[in-house]
Amino acid sequence: MIIEPTIEELIKQNSDLKKQIKLLTLDVVENTENLKQAELNNEIASIQINQLKSTLDHLDTCIYIKDRNRKYLYANKKTLKLFGCTDQDLQGSVDSNFFPKETCEKLAEIDHRILELGENTSFEVESKDPEGNRLVFLENKTPIFDKTDTSKIIGLCGISTDITKRKNIQEKIVESEQELKQLNATKDKLFSIIAHDLRSPFYGILGFSELLKDNLSFTEDTESKEYISIINTSAQNTLTLLDNLLNWAKTQTNELSIRLEKIILSEMIQEVITLKKTLSKSKKIKLNYFPETGIEIELFTDKTILQSILRNLISNAIKFTNIGGTIDVKVISNQDHVEVSISDNGLGMNKETINQLFKLSNSSALPGTADEQGSGLGLILCKEFVEKLGGRIWAESTLGKGSDFKFIFPIKTVV
């Protein structure tokens, strides 16, 4: 016997069915929205991956990923070009597909340390391209860990930079350095010969020419006197040039050491003037010395360096002073410093010439008033020497009216 449901029961069943339908509808809508969001997320992820790949493909560096078995999973375009394969060919390949045996052995050793020990590694590796040309790469490799288990290594990522050109340049530099050392050794030997074997004969020439001049001073043989004077002057100029070359070379190689001693300035200046008297007399130039009145200046400095400065400045003044001219050497001092000036009434200079005086780039030496020639090193050497003594040097001049070279340095030089 079938019992018919009452109206109340049917209404209740209908209400329950409506609720179930509503719940099912909500589930469908929610699932649809979730599906749409998932599709959107996938699309965004795909775009991001493509952007990342595009970026990596435009880098001028090889980037690749290997799994735990050292098989390639990914490589950017630079790497694929180096390997000479496509992305499909790369999948599952190993180093032996692309590199010679020796290179593979080194790569295997490095990969083992990364995959087993989790080390970040940077090293250089050499190989050859298909044409047999040398390749040198700087490799930086790092382990890749599992997202869910950070202690588990699932592969490695490598960044490889081609440093072949840089390596070749470095090796050429090393080779050039070796050649330079050999050249320096040869140069040192040459300067040693100049210092010992060439300077000595000039002292002999100077001594004998001075002796001949003294002997001829009582005769009327003017022609012989002139020739002997030329020999003496040439010997002095050449000896000065040799000394300048040697001293300049020492300054460039930091071989010039300062030896401090007590000296009387006036005595030292008189020595230099006496040495230069023959040169000044050959041009009938008056060479005067005006010491500071009533003061005997005692210095604690390097006598050899100071003499070299004075010799060069006085020689320079003689060179550019006309026959019958005048050169004055003056000294003034205070408690701490001494100023020495060498003034002449010679050719003088314009501002442009003054600005180039103490620069090595100014390699062209002007001829003197008697067509004397020079190397142009004298004034450059003076500047370096004055600065070694803790001072400074400068020139004041008017074209056609002469020049005034001044240098100032401490009474007590500090090394």
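The values are calculated or read from the model by the stated rules, or taken from the named source; none is laboratory data. In this text, all values refer to a predicted model and were calculated from it rather than measured experimentally. Note that each Cβ is placed from the backbone with ideal geometry, even for glycine, and that neighbours are counted across all protein chains shown. Surface accessibility is based on the protein's heavy atoms, side chains included, excluding ligands, DNA and RNA. Shrake-Rupley method; radii C 1.70, N 1.55, O 1.52, S 1.80 Å.
Sparsely packed loop sites in the range 261-353 (the trypsin sites (Lys or Arg not before Pro) outside DSSP H, G, I, E and B with at most 12 other Cβ atoms within 10 Å) comprise Lys284.
State which entries of Lys284/Lys330; Lys250/Lys319; Lys189/Lys277; Lys213/Lys262; Lys284/Lys401; Lys276/Lys388 exceed 29 angstrom in Cα-Cα distance in the structure shown. In this structure, Lys189/Lys277; Lys213/Lys262 lie more than 29 Å apart at Cα. Near the amide H of Ile411, within less than 5 Å, lie the amide hydrogens of His337, Val338, all on another chain or at least 5 residues away, with H placed in the peptide plane.
With Cα atoms as the point set, the radius of gyration and Dmax of the range 255-340 evaluate to 13.8, 41 Å.
Across all directions, the shadow cast by the convex hull of the range 111-158 built on its C-alpha atoms averages 3.8 square nanometres. Couplings 3J(HN,Hα) for the range 84-97, derived from phi with the Karplus relation 6.51 cos²θ - 1.76 cosθ + 1.60 (θ = phi - 60°), are x, 9, 9, 5, 5, 5, 5, 4, x, 7, 10, 4, 5, 6 Hz, where x marks Gly and Pro. Taking amide H as placed 1.01 Å from N in the peptide plane, the amide H of Ile154 sits under 5 Å from that of Ile144, Phe145, Asp146, each at least 5 places away or on another chain. Couplings for the range 139-150, taken from phi via the Karplus curve 6.51 cos²θ - 1.76 cosθ + 1.60 with θ = phi - 60°, read 9, 10, 10, 9, x, 10, 9, 5, 4, 8, 9, 5 Hz in order; Gly and Pro are left as x.
Measuring nothing but protein heavy atoms, the accessible surface of the range 233-333 at 1.4 Å probe radius is 50 percent carbon and sulfur.
Protein heavy-atom accessible surface, 1.4 Å probe, per residue over the range 70-123: 59 Å².
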